[in-house]
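**Q** I have a structure here, written as structure tokens, and I will follow up with some questions on it.
The values are calculated or read from the model by the stated rules, or taken from the named source; none is laboratory data. Predicted model, so just to flag it, every value in this text is computed and none were measured. Positions of Cβ are backbone-derived with ideal geometry, glycine not excepted, and every protein chain shown enters the neighbour counts. Ligands, DNA and RNA are excluded from the accessible area calculation, which covers all protein heavy atoms including side chains. Shrake-Rupley method; radii C 1.70, N 1.55, O 1.52, S 1.80 Å.
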Amino acid sequence: MEMNFAGRDQLIRSFDAAIGAGDTVQVMRALRSALCDAIHAGDVQLPDCVFEGNAEHYARRELYRSPEHGYCVIAMTWSPGQGTPIHDHAGMWCVEGVWQGALEVVQYELREQAGSRYRFIPAGVIQAGAGSAGSLIPPHEHHTICNASASELAISVHVYQDQMTHCGVFEPEHDDWYQRHEHTLTLDTPAAVDH
Ligand SMILES: [Fe+2]
């Protein structure tokens, strides 16, 4: 499901232009710029539902899916205390911009893999504030995200290479290994939070 909102067409035009920027690294750079420019310019008014958290889990709402290029734009709403386990992006690149509040992103480097068991080492922590954007290019795609604030809502906008319906999540085991589980990603609809 797609949503209409002020500034949407211009935002999508800037993403479409970025997709044609060249190789993956250049596309990531162009998308980060487009996203940061949009946040700083303040011309885009995300749909009202995006500003509503979901008490059960961080909320994912699809803003747009490109019929021409295949990329998907998802808004995520993080209530205080909400975050993700270590996860991958099913092999897709992704650009993530912080629209409001702040997120803590921990990047993990894959050290070993044995079947569905994985071992990681933390490779850096970023506190990403509003107006900043980062990108992930597989295979460097393992990370956690959480709301960096104990009291404020955080909102991020993610541009994925393609529709992401599932990803791998990694559960810690008794040693320093993790077990990969296939996780189905769901979308929150406006109806679920708009009363
Ligand atoms: Fe992620």
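**Q** Would you tell me the accessible area of GLU171, worked out with a 1.4 angstrom probe on the heavy atoms of the protein chains, in Å² to the nearest 10?
**A** 100 Å²
**Q** Let me ask another. Just the projected area, averaged over all directions, of the convex hull on the alpha carbon atoms of the chain: how many nm²? Show your work: numbers first, answer last.
**A** On the way: hull surface 44.6 nm².
With every direction weighted equally, the projected area is 11.2 nm².
**Q** Is segment 40-142 rounded, prolate or oblate when judged by the Cα gyration tensor, a ≥ b ≥ c being the square roots of its eigenvalues, rounded requiring a/c under 1.5 and prolate requiring a/b larger than b/c? Spell out each step's value before the answer.
**A** Values: a/c = 1.84, a/b = 1.53, b/c = 1.21.
Prolate, since a/c reaches 1.5 and a/b exceeds b/c.
**Q** Continuing with this model, one more query. Compute the signed sum of charges (Lys and Arg +1, Asp and Glu -1) over the other residues within less than 11 Å, Cβ to Cβ, of HIS89.
**A** Numbers: positive: none; negative: ASP88, GLU96, GLU141, ASP162.
That sum, taken over residues with Cβ under 11 Å, equals -4.
**Q** With contacts defined as alpha carbon pairs under 8 Å and 6 or more residues apart, what's the relative contact order of the chain in percent?
**A** Details: 435 pairs, mean separation 48.8, N = 195.
Answer for the chain is 25 percent.
**Q** Which of the GluC sites (Glu not before Pro) found in segment 103-195 are in a DSSP loop and have at most 15 neighbouring Cβ atoms, other than their own, within 10 Å? Could the numbers behind the result be given before it?
**A** Numbers: sites: GLU104, GLU109, GLU112, GLU141, GLU152, GLU173, GLU182; in loops: GLU141, GLU152, GLU173.
Those satisfying the criteria are GLU152, GLU173.
**Q** Taking only protein heavy atoms into account and a 1.4 Å probe, give the accessible area per residue of the chain in Å². Before the final figure, lay out the partial values.
**A** Working: 9490 Å² over 195 residues.
Value returned for the chain: 49 Å² of accessible area per residue.
**Q** Once phi is turned into ³J(HN,Hα) by the Karplus curve 6.51 cos²θ - 1.76 cosθ + 1.60 with θ = phi - 60°, what whole-Hz value does each residue of segment 61-69 show in order, with x for glycine and proline?
**A** Each residue of segment 61-69 in turn: 9, 7, 8, 6, 10, 7, x, 8, 9 Hz.
**Q** Treating the beta-carbon of each Lys and Arg as +1 and of each Asp and Glu as -1, no other charges, what is the dipole magnitude of the chain about its Cα centre, to the nearest 20 debye?
**A** Values: 11 positive and 26 negative charges, 61 e Å.
In total the dipole reaches around 300 debye.
**Q** Net charge around LEU185, counting only other residues with Cβ within less than 13 Å of its Cβ (Lys, Arg = +1; Asp, Glu = -1)? Mind showing how you got there, number by number?
**A** Working: positive: ARG60, ARG61; negative: GLU62, ASP88, ASP162, GLU182, ASP188.
Combined, the nearby Lys, Arg, Asp and Glu give -3.
**Q** Suppose a student asked you for the relative contact order of segment 107-177, using Cα pairs under 8 Å spaced at least 6 residues apart; what percent would you report? Show your work: numbers first, answer last.
**A** Numbers: 45 pairs, mean separation 23.0, N = 71.
32 percent.
**Q** If you don't mind, another one. Leaving out ligands, DNA and RNA, and with a 1.4 Å probe, what % of the accessible surface on the chain is carbon or sulfur? Let's see the in-between values first.
**A** Working: 4620 of 9490 Å².
Carbon with sulfur: 49 percent of the solvent-accessible area.
**Q** Give me a comma-separated list of calculated 3J(HN,Hα) values for segment 87-104, in order, Karplus coefficients 6.51, -1.76, 1.60 applied at θ = phi - 60°, integers in Hz, x for any Gly or Pro.
**A** Those phi angles translate into 9, 10, 10, 6, x, 9, 6, 7, 10, 10, x, 8, 8, 8, x, 8, 10, 9 Hz.
**Q** Using packing as a proxy for protection, rank 184-190, 75-81 so that the peptide with the highest average count of other Cβ atoms within 10 Å comes first. Walk me through the numbers on the way to the answer.
**A** Numbers: 184-190: 13.0, 75-81: 20.4.
Averaged packing, sorted descending, gives the order 75-81, 184-190.
**Q** Under 14 Å from the Cβ of MET28, count the other residues' Cβ atoms, weight Lys and Arg +1, Asp and Glu -1, and hand me the total.
**A** On the way: positive: ARG29, ARG32; negative: ASP23, GLU96, GLU141.
My count for the surroundings of MET28 gives -1.
**Q** Is segment 66-120 best put as rounded, prolate or oblate by its Cα gyration tensor, with a ≥ b ≥ c the root eigenvalues, rounded for a/c under 1.5, and otherwise prolate when a/b is larger than b/c, oblate when not? Mind dumping the intermediate values first?
**A** Numbers: a/c = 2.66, a/b = 1.27, b/c = 2.10.
It comes out oblate by the Cα gyration axes.
**Q** I need the phi-derived Karplus couplings for segment 134-145: 6.51 cos²θ - 1.76 cosθ + 1.60, θ = phi - 60°, integer Hz, Gly and Pro marked x.
**A** Whole-Hz 3J(HN,Hα) from phi for segment 134-145: x, 9, 10, 10, x, x, 8, 10, 8, 6, 10, 10.
**Q** Given H placed on each backbone N at 1.01 Å, which residues far from SER132 in sequence or on other chains put an amide H within less than 5 Å of it?
**A** Under 5 Å from the amide H of SER132 lie the amide H atoms of VAL98, each far enough along the sequence or on another chain.
**Q** Using only DSSP helix segments of four residues or longer, with each worth -39500 (n - 2.57), what per-residue ellipticity at 222 nm results for the chain after dividing by its residue count and rounding to 500? Mind showing how you got there, number by number?
**A** On the way: 3 runs with 34 residues, N = 195.
My calculation for the chain gives -5500 deg cm²/dmol from helical runs alone.
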